[in-house]
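Written out below as structure tokens is the structure these notes cover.
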């Protein structure tokens, strides 16, 4: 099991109604994406971090390690936004002139990159809040209630299940290869890894067929039904969610014409 799932099942928000957590995460994420300045996305990032670390009691070190994972993709995408290439000298560009070509950045491009960066970080923080406090089974249950097409929900559940199947299969193959000195040297390691990847698909396919046969034997008709633990909706939590999101929405409207 992933550590994310472990914290989702053991967090202090585990027994809060999943619909409340889902509504808070999704509404806050949309408000964050609608902002026109970096203020609201930064507040959303801090708010989600406080909820996960201080309320759900997820270790801060683990949370920030997760938060650093998408930074590589963000930086790569922001480079395409901020870098400007123009022929000849361009006073609006701060950078270098190489062979008659100006390479650098502009003020508006930096502002746009800062806004995109903070929005992305805020949206990721909202999704981390949901995934670290709500098990995947309950998220799938909420999607069923929202009338999301059954095919998409079933595919989501099966893909999530097969992540563990593939990881378990790869782990057993790796241990088997290691016990035969398959990773004793660099050359041997590359050869063993290539064999592992080549055989992983075939074994995972056979595991998936066995799982599908087991589902059919238990009366599978195209929809997986899961037991849901009944939880009451808390009026106090709903009021708190409404106050937080309304405050953020007011900030979005107030800062709409502010500079980034």
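A short reminder: the numbers here are calculations on the coordinates, not readings from a lab. Just so it is clear, the structure is predicted and the values come from calculations on it, not from any experiment. Note that we place each Cβ from the backbone using ideal geometry, even for glycine, and neighbour counts take in every protein chain shown.
Below, the figures for the structure above:
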{"quantity": "Translational diffusion of the range 113-260, µm² s⁻¹ [Kirkwood Rh, Cα pairs; Stokes-Einstein; 20 °C; 1.002 mPa s]", "calculated": "105 µm²/s"}
{"quantity": "Rg over Rh [alpha-carbon atoms, Kirkwood Rh] for the range 100-165", "calculated": "1.27"}
{"quantity": "Listed peptides 20-27, 76-83 by packing density, highest first (mean Cβ within 10 Å)", "calculated": "20-27, 76-83"}
{"quantity": "Simple label model, 7 Å out from Cα along Cβ direction - residue 172 to residue 69, nm", "calculated": "2.5 nm"}
{"quantity": "Modelled FRET efficiency - R0 41 Å, residue 159 with residue 101, Cβ distances, 0.05 increments", "calculated": "0.35"}
{"quantity": "Space enclosed by the convex hull of the alpha-carbon atoms of the chain, per residue, Å³", "calculated": "206 Å³"}
{"quantity": "Simple spin-label estimate for residue 110 and residue 186 in nanometres, 7 Å along Cα-Cβ", "calculated": "4.2 nm"}
{"quantity": "Sum of -39500 (n - 2.57) over DSSP H runs of 4+, divided by residues of the chain (222 nm, nearest 500)", "calculated": "-23000 deg cm²/dmol"}
{"quantity": "Segment residue 34-residue 200, length gained on full extension (0.36 nm per residue, minus Cα span)", "calculated": "55.5 nm"}
{"quantity": "Rg to Rh, two decimals, where the range 148-217 supplies the alpha carbon set and Rh follows Kirkwood", "calculated": "1.14"}
{"quantity": "Relative contact order, percent, the chain [alpha-carbon distance under 8 Å, six or more residues apart]", "calculated": "31 percent"}
